[in-house]
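The values are calculated or read from the model by the stated rules, or taken from the named source; none is laboratory data. In this text, all values refer to a predicted model and were calculated from it rather than measured experimentally. Here the Cβ positions follow ideal geometry from the backbone for every residue, glycine too, while neighbour counts run over all protein chains shown.
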Amino acid sequence: MTGSSKFLMGRVRGAVVVAALCMGLLGAACSRQDRPEVTLRFWNGFTGPDGRPMQQLVKEFNRENPDIRIIMQRMDWYTYYNKLFVAGIGGRAPEVFIIHASNIPRFIHADFLRPMDDLLEKEMGLDPKDFFPQAWNAAGDGGKQYGIPLDISIHGMYYNKSLFRAAGIVDATGEPRPPRNQKEFMEALRKLTLDRDGDGDMDQWGFVFTNTRNNLLVLMVQFGGMFFDRDNRQCLLNSEGNVRALTWCRDLIHREKLVPSPENFIAWLGFRQGNVAMAFEGIYMLADLQKQTDLDFGVAPIPTIGEQPATLASSHIVCLRRDLKNPELQAASRFARFLTDRSLDWAAAGQVPARLSLLQSDRFRSMEAQATFAQQLDHVFYEPNQPFNNQFDTEFNEAVEKALRNSETPQAALDRAVANTQRAVRRHYDLWDQAKNASSEKSSGL
Amino acid sequence: MNTRQNQFQRYSGWIFVLPFLILFAAFLLTPLLYGLALSFFNWEMLSPAPTQFIGWGNFHEALHSDRFWTSTLATARFVLMATPATVGIALALALGINTIQGRRQAFYRASYFLPGLLSISVAGLLWTWFYNGEFGLFNAYLEKVGIKIPWLTSTSWAMKSIVIMSLWWCLGGATIILLAGRQQISQSLYEAASMDGAGALRSLWHITIPQMRPVLLFVTVTNIIGSFQVFGQTYIITRGGPEDSTRVLVQYIYETAFLHYRMGYGSAMCWLLFAFIAFFSVIQFMAMKERR
């Protein structure tokens, strides 16, 4: 073989290899393109410890359903809601997304959500009676169902077992005995709040406010407080029960000096460091705590500080985009059904499932901490969910902060919050009436 | 031929800047003008009500709102504390680093610049923990010598704490720019001054500061603009508390537009903020020009 023919053969061989590679790549691309018939975007805010189990569920769904491809995108809840709204307004909202129960009315008013009533039985095979009623109702409005509740995020009490044992707050068997009512709570607080070196500064706190908004919502309802009237036209934040709850909390800080002035969420770090004996927090904190091996903690129902037991709850709701059509609609329905069917796997990461049949399962009962949180299901209340909820939150937080810092009386702080909230309420209904008038004028013109 | 060449030369500049101009118009100018138009409308993003032209209504509401003025005052406090501190400390650091030679200078330059590479979320969360009164890092050490500072719980301390954190985070950039400015000054000026018997302080006052005036003007103006736009630090560390003492204007705008979804009102406040920044920048330029 001459040099030139060798060279030629080499070029031919090279060309064949390149062609084969190209064919292979083309084939692979085609087969990948052929496989999933439908691709759905699934957005949520599970960026904490809850992100991994959700990612796992998505992977399993993709594996079990080769004709559907779910692409999950996570971002923190604050950024998430802004992006979701902007995407919705721009007509680019994801096909499936998660929102909190308290946000449902706002999304309904913005016309972002697809009612699911026609899908529940036919496409999803779901029975509404199999869901925890408050969670189910939280995802509905005006007789229509706008989402499927995935879980019930309940608030409970976390307590440090070692500190309880050291303070001698134990039962007959020597096990730590978490308080159940105001009297026991105060007794525990006095024993657990310690100034070990006598310098006037506490070295250990019996209780801290880790999230003043959520903590106060719970206590206000326990004291018989209400937030809005039945028609959602009048804010009742300055009602007698709410004032009493806020006064009780203020006195705990400034008169009894048993609780530090609330600062920020870092107070939760105090519990994790072992410097705080009790905190009221959501079940979503469980997954992280369970990984912390040097903290001997327990969970219990929130003690009844006021006249009635009550705890705060919310739900993650699976929602669909308003304009979804087949085949995306069918695929999204299948995915929503899959998520609710597998909500015990989701619960294992620190949630209570919203399906009653799963709540009664042996597997859920074996999840000790989650089952303890679920003991409070009889007296949970869902957080206020008016379309003007964010404005209410702003006023609520400011009033609570001023009262707990003792720079304003609870009554005065709550009165001002009501006056400001009412402005937002009026603006909301004025605009709502304008919209109704505009649409009726339009239809009469037609 | 000559005419064609001349014409080409005349317009060739536009061809070079065209890609930038397109991007500038699409992503900056259009949203800016859209925002300006929006500020004259009542548009609540979540409301099904039609958008309504209300003239100066949003501006009127802002100028008569207690919250707007509280947050403007909080912003002004931040600007007044942060800008002189940043420029002053950065100048001192730049002059100090300039006296160090070789690799050690590079080490110091990098050390001061590094915190600025952290995102505000990371830096903010870190400092939230550092500052916590009961369970934070700073008080854990300070308590050993009998001191406890209410970093974030006192209305008089909270903004100072935000300024300290901002200095740690932002000082590097200003230091590097001022150092570059100092290194541009010819050594012969100092040699001449030294021969005339000028000491270090006189050299600083009569050579370094006047020679660095353009750089100082640049750093001061950009710092004032940046300080007026402060948001991340206060939003992450204090959320505007305690008692609104750190609720700055950008946070109030953010809450109005993206939590309460009042886009028209939010846009109007953005333009008021723009007016404040423009006003102070022009004053700054004029003051520096007069001195020159």
Legend entry - In region B:166-207, the residues that are in contact with a helix residue (DSSP H, G or I) (Cβ under 7 Å, 6 or more places away or on another chain) and of a type in the set (S, T, Y): B:S166, B:T175, B:Y190, B:S203
Inset, instruction - Go through region B:196-245 and give me each residue that's assigned to a helix (DSSP H, G or I) and within 14 Å of another protein chain (Cβ to nearest Cβ). - result: B:G232, B:Q233, B:T234, B:Y235, B:I236, B:I237
Inset, instruction - Any residue in region A:65-79 that's closer than 17 Å to A:I317 by Cβ: show its pairings with residues that are at pLDDT below 95 and part of a loop (DSSP other than H, G, I, E, B) at Cβ separation under 6 Å, as long as the two are six or more apart or on different chains. - result: A:R74/A:F46; A:R74/A:T47; A:W77/A:G45
Inset, instruction - Residue by residue through region A:407-426, note down the ones that are assigned to a loop (DSSP other than H, G, I, E, B) and either more than 11 Å from chain B (Cβ to nearest Cβ) or within 23 Å of A:I99 (Cα to Cα) (or both). - result: A:T409
Inset, instruction - State yes or no: is B:A26 in a loop (DSSP other than H, G, I, E, B) and either more than 24 Å from A:D111 (Cβ to Cβ) or within 14 Å of chain A (Cβ to nearest Cβ) (or both)? - result: no
Legend entry - Only one of B:L152, B:L189 that is modelled with pLDDT of 90 or more and part of a helix (DSSP H, G or I): B:L189
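State all residues of region A:66-97 that are of a type in the set (A, V, I, L, M), more than 18 Å from the chain's Cα centre (by Cα) and within 14 Å of another protein chain (Cβ to nearest Cβ); if no residue qualifies, say none.
Taking region A:66-97 first, the residues of a type in the set (A, V, I, L, M) are A:68, A:70-72, A:75, A:84, A:86-87, A:89, A:93, A:96.
Right, trim to more than 18 Å from the chain's Cα centre (by Cα) and you get A:68, A:70-71, A:86-87, A:89, A:93.
Matches in region A:66-97: A:V86, A:A87, A:I89, A:A93.
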Inset, instruction - Run down A:V259, A:V299 and say which single residue is in contact with a Leu (Cβ under 8 Å, 6 or more places away or on another chain), among the aliphatic types (A, V, I, L, M) and within 13 Å of chain B (Cβ to nearest Cβ). - result: A:V259
Legend entry - Top-ranked residue of region A:271-285 - restricted to ones that are within 14 Å of chain B (Cβ to nearest Cβ) and part of a strand (DSSP E or B), ranked as nearest to the chain's Cα centre (by Cα): A:A279
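Residue by residue, here is whether (1) under 29 Å from A:G224 (Cβ atoms); (2) in contact (Cβ under 8 Å) with a residue 40 or more places away in the chain; (3) among the acidic types (D, E); (4) not in a loop (DSSP other than H, G, I, E, B) holds:
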position: A:E307; (1), (2), (3), (4): yes, yes, yes, no
position: A:W346; (1), (2), (3), (4): no, yes, no, yes
position: A:P387; (1), (2), (3), (4): yes, yes, no, no
position: A:D393; (1), (2), (3), (4): yes, yes, yes, yes
position: A:K402; (1), (2), (3), (4): yes, no, no, yes
Inset, instruction - Scan (1) farther than 19 Å from A:A139 by Cα; (2) touching a Lys or Arg at 6+ places or on another chain (Cβ under 7 Å); (3) surrounded by fewer than 24 Cβ atoms within 10 Å (Cβ to Cβ); (4) not aromatic (F, W, Y) for the single condition A:E328 breaks and write down its number. - result: (2)
Inset, instruction - Just one of (1) touching a residue at least 40 places away in the same chain (Cβ under 8 Å); (2) on the phi < 0 side of the Ramachandran plot; (3) surrounded by 16 or more Cβ atoms within 10 Å (Cβ to Cβ) trips up A:G224, so point out which. - result: (2)
Inset, instruction - Would you be able to say whether some residue in region A:222-230 is at pLDDT 95 or above, over 29 Å from the mean Cα position of the chain (by Cα) and over 30 Å from A:P53 (Cβ atoms)? - result: no
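Yes/no matrix, rows are residues, columns are (1) in contact (Cβ under 8 Å) with a residue 40 or more places away in the chain; (2) of a type in the set (F, W, Y); (3) buried (at least 24 other Cβ atoms within 10 Å of the Cβ):
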residue	(1), (2), (3)
A:P133	no, no, no
A:G142	no, no, no
A:I148	yes, no, yes
A:H155	yes, no, yes
A:K161	yes, no, no
A:R165	no, no, no
A:T173	no, no, no
A:R177	no, no, no
A:F185	yes, yes, no
Legend entry - Lone unmet requirement of (1) over 21 Å from A:V380 (Cβ atoms); (2) in contact with a Pro (Cβ under 7 Å, 6 or more places away or on another chain); (3) within 12 Å of chain B (Cβ to nearest Cβ); (4) of a type in the set (S, T, Y) for A:T247: (3)
Legend entry - Among (1) within 14 Å of another protein chain (Cβ to nearest Cβ); (2) more than 24 Å from the chain's Cα centre (by Cα); (3) among the aromatic types (F, W, Y) - the single one A:F207 does not satisfy: (2)
Inset, instruction - Would you check if A:A245 is crowded, with 21+ Cβ neighbours inside 10 Å and in a helix (DSSP H, G or I)? - result: yes
Legend entry - Search result, residues across region B:155-167 that are of a type outside the set (D, E, K, R) and either more than 14 Å from every other protein chain (Cβ to nearest Cβ) or buried (at least 17 other Cβ atoms within 10 Å of the Cβ) (or both): B:W157, B:A158, B:M159, B:S161, B:I162, B:V163, B:I164, B:M165, B:S166, B:L167
Legend entry - Breaking point among (1) touching a residue at least 60 places away in the same chain (Cβ under 8 Å); (2) touching a helix residue (DSSP H, G or I) at 6+ places or on another chain (Cβ under 9 Å), for B:T155: (2)
Legend entry - Of the criteria (1) away from chain A (no Cβ under 12 Å); (2) over 17 Å from B:I164 (Cβ atoms); (3) outside any helix (DSSP H, G or I), which one B:S111 fails: (3)
Legend entry - Failed item, numbered, when B:G241 is tested on (1) over 24 Å from B:V122 (Cβ atoms); (2) surrounded by 22 or more Cβ atoms within 10 Å (Cβ to Cβ): (1)
Inset, instruction - With respect to B:G136, determine if the residue is under 20 Å from the mean Cα position of the chain (by Cα), within 14 Å of another protein chain (Cβ to nearest Cβ) and surrounded by 14 or more Cβ atoms within 10 Å (Cβ to Cβ). - result: no
Inset, instruction - For A:A438, state whether it is more than 23 Å from A:A313 (Cα to Cα), assigned to a helix (DSSP H, G or I) and either among the aliphatic types (A, V, I, L, M) or in contact (Cβ under 8 Å) with a residue 40 or more places away in the chain (or both). - result: yes
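Could you list, in sequence order, the residues of region B:42-65 that are outside any loop (DSSP other than H, G, I, E, B) and either within 14 Å of another protein chain (Cβ to nearest Cβ) or buried (at least 21 other Cβ atoms within 10 Å of the Cβ) (or both)?
Once the filter is applied, which keeps residues that are outside any loop (DSSP other than H, G, I, E, B) and either within 14 Å of another protein chain (Cβ to nearest Cβ) or buried (at least 21 other Cβ atoms within 10 Å of the Cβ) (or both), region B:42-65 yields B:N42, B:E44, B:Q52, B:F53, B:G57, B:N58, B:E61, B:A62.
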Inset, instruction - For region A:75-102, enumerate the residues that are assigned to a helix (DSSP H, G or I) and either under 11 Å from A:W43 (Cα atoms) or out of contact with any helix residue (DSSP H, G or I) (no Cβ under 7 Å at 6 or more places or on another chain) (or both). - result: A:W77, A:Y78, A:T79, A:Y80, A:Y81, A:K83, A:L84, A:F85, A:V86, A:A87, A:G88, A:I89
Legend entry - Residues located in region B:66-115, provided they are touching a Gly at 6+ places or on another chain (Cβ under 6 Å) and surrounded by fewer than 16 Cβ atoms within 10 Å (Cβ to Cβ): B:F113
